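Contents: one structure, followed by commentary.
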Amino acid sequence: MARLWAIAVGVHRYQALQPLPHAEQDANMFSQRLRVAASVAQVYCFADQAPDLILDGGASLSSQPTFTNLTQFLQLRFSTPFLEPDDILCFLFSGHGLQFANQDYLMFLDSDPACADQTALSVDDLVFCLKRSGTANIVLLLDACHTEYQQFGQGFGTDPKDVITIFGANYGQCSRVIPNLQQGSFTQALLEGWRSLSHFDQKHWGHLYHYIRVRLPTLNRQFGQPHQAPRLRVDPPLVIESIPLPKLREEIVEPSTPLITKQRMPNSVIRFSNQ
């Protein structure tokens with residue numbers, strides 16, 4: 001049986017960028033949901049209030065979402081393959097993203113926008129590292145478009161290769177938060193969809209994207225936020241339908257929303273594969 005391994009990063013405080021009050025909650029809620037999922041093997045969470053990480057061999061690593069901590073973790077955990085080919089590796093990031101010198105970077109607590117190539121993690125480098133895990137089933141969930149205007153770049157959202165990527169916002173859009181829920185709109189829609197889909201067999205990540213695609217604009221409209229739509233990039237095309245979505249344990253599954261019923265659950269998301 002395929003197992004899911006996950007890494008969740010939520011960056012609230014920034015030394016050189018505006019704070020994102022609900023990014024930490026995004027990572028914490030995502031981690032909490034997955035830790036009680038039946039087929040989830042391990043969840044690593046980087047956030048201000050998260051406990052220290054314990055790696056193989058008993059080594060302890062700070063969970064503060066700094067560039068230093070993340071790079072150290074990636075170097076240690078992904079030094080050799082540790083997953084089976086059928087396993088799934090999921091990386092969630094809630095924080096600032098930045099395009100610098102024609103590359104996308106994930107910005108951490110101590111990242112400097114003026115020298116992102118030295119103080120932030122490029123998405124290409126992240127993917128290169130994750131691919132050393134032993135599985136090709138890699139899913140990125142990137143809610144990193146929180147700034148309308150970026151002084152040091154032209155935007156965020158270049159398509160990574162060899163992975164499935166669900167961006168929290170489409171080109172030219174800004175990721176939104178819902179103060180009433182103390183959470184980002186994207187993460188809220190993501191978790192809602194995961195809970196709803198847990199009632200069904202043979203579900204995959206394409207079904208989850210379909211849910212988010214419908215729910216996210218509605219959610220923002222409901223809470224008075226500007227329009228926001230997710231964007232999917234699949235490389236290679238159509239592989240999204242071959243990667244199952246792990247089921248959450250029954251005790252945390254909430255009643256299915258009207259967006260997905262047995263009659264309305266899509267059989268295929270081929271038309272969404274590279275949108």
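The values are calculated or read from the model by the stated rules, or taken from the named source; none is laboratory data. Here the structure is a predicted model, which means the values were calculated and not measured. We place every Cβ from the backbone using ideal geometry, glycine too, and count neighbours over all the protein chains shown. Remember, those area values only see protein heavy atoms, side chains included, never the ligands or the DNA or RNA. Shrake-Rupley method; radii C 1.70, N 1.55, O 1.52, S 1.80 Å.
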Got a sec? Which of SER79, SER31, SER62 is within 23 Å of CYS129 (Cα to Cα) and in contact with a Cys (Cβ under 8 Å, 6 or more places away or on another chain)? SER31
Matching residues, the stretch 195-219, being more than 23 Å from ARG176 (Cβ to Cβ), buried (at least 21 other Cβ atoms within 10 Å of the Cβ) and touching an Asp or Glu at 6+ places or on another chain (Cβ under 8 Å): GLY206
Against the definition (within 17 Å of the chain's Cα centre (by Cα), under 27 Å from GLU192 (Cβ atoms) and open to solvent by 50 Å² or more (accessible area, probe 1.4 Å)), how does HIS12 come out, yes or no? yes
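For the stretch 28-38, check the following and say yes or no: at least one residue is in a loop (DSSP other than H, G, I, E, B) and not aromatic (Phe, Trp, Tyr).
Yes, there is a match, as at least one residue in the stretch 28-38 is in a loop (DSSP other than H, G, I, E, B) and not aromatic (Phe, Trp, Tyr).
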Of the candidates LEU216, LEU181, the one satisfying the condition of being modelled with pLDDT of 95 or more and either closer than 23 Å to THR71 by Cα or not in a strand (DSSP E or B) (or both) is LEU216
Do you know which residues across the stretch 102-129 are hydrophobic (A, V, I, L, M, F, W, C) and within 28 Å of PRO21 (Cα to Cα)? LEU106, MET107, PHE108, LEU109, ALA114, CYS115, ALA116, ALA120, LEU121, VAL123, LEU126, VAL127
Flag if ARG195 is basic (Lys, Arg) and in contact with a strand residue (DSSP E or B) (Cβ under 7 Å, 6 or more places away or on another chain): yes
Please work out if ILE178 is in contact with a helix residue (DSSP H, G or I) (Cβ under 6 Å, 6 or more places away or on another chain) and surrounded by fewer than 20 Cβ atoms within 10 Å (Cβ to Cβ). yes
From (1) modelled with pLDDT under 95; (2) open to solvent by less than 60 Å² (accessible area, probe 1.4 Å), pick out the condition that doesn't hold for ILE138. (1)
